[in-house]
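Below you'll find the structure, written out as structure tokens, and then a few comments.
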Amino acid sequence: MSLLYGEAPPRPTRPVSDALYEIIESNGIEAAKDRYGRMMEAEKETYDLSEQHLNSLGYYYLGRREVETAIELFKLNVQSHPQSPNAYDSLGEAYAAAGKREDAIESYRRVLDLSPGHAGATKMLETLLSDE
């Protein structure tokens, strides 16, 4: 559409998940977190830093049962997108998978703060609170 209006088209960006995956696999999650911070500061034009990319990568690691890596990725997503109920929901799911009940409860409560009546968070909170 930009070309039709005589504007320069936006430059293509690389999904942040691709870059972080490579870093995690070669140097670990801490190196990836450090790199992500630099991307957020100085490389927004190069990488697509949207919520769904971190979320997808987090679920990839959750599916591989690398729960701590998933938690760290979901925490990055929450930090970058603090108004996203989805980011907190994913973090809550990872905390629950890790057996971190109190952290999961806190995450799901935050989902409900941002999105009152969120059915998934309500159900998870009921389950987590009934385990007391």
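Seen against the Cα atoms of the chain and their longest principal axis, helix 51-63 is set at about 50 degrees.
Restricting the calculation to Cα atoms, every distinct pair contributes to the Kirkwood radius of the chain, found to be 15.8 Å.
Considering lysine pairs in segment 10-130 that are 8 or more places apart or on different chains, how many have Cα atoms under 21 Å apart?
Values: K33/K44; K33/K75; K44/K75; K75/K100; K100/K123.
Lysine pairs, 8 or more places apart or on different chains, close enough: 5.
Across segment 80-88, coupling constants 3J(HN,Hα) worked out from phi with the 6.51/-1.76/1.60 Karplus curve, θ = phi - 60°, read 7, 9, x, 9, 9, x, 4, 4, 5 Hz, and Gly and Pro carry x.
A short reminder: the numbers here are calculations on the coordinates, not readings from a lab. Being a predicted model, the structure only gives us computed values, none of them experimental.
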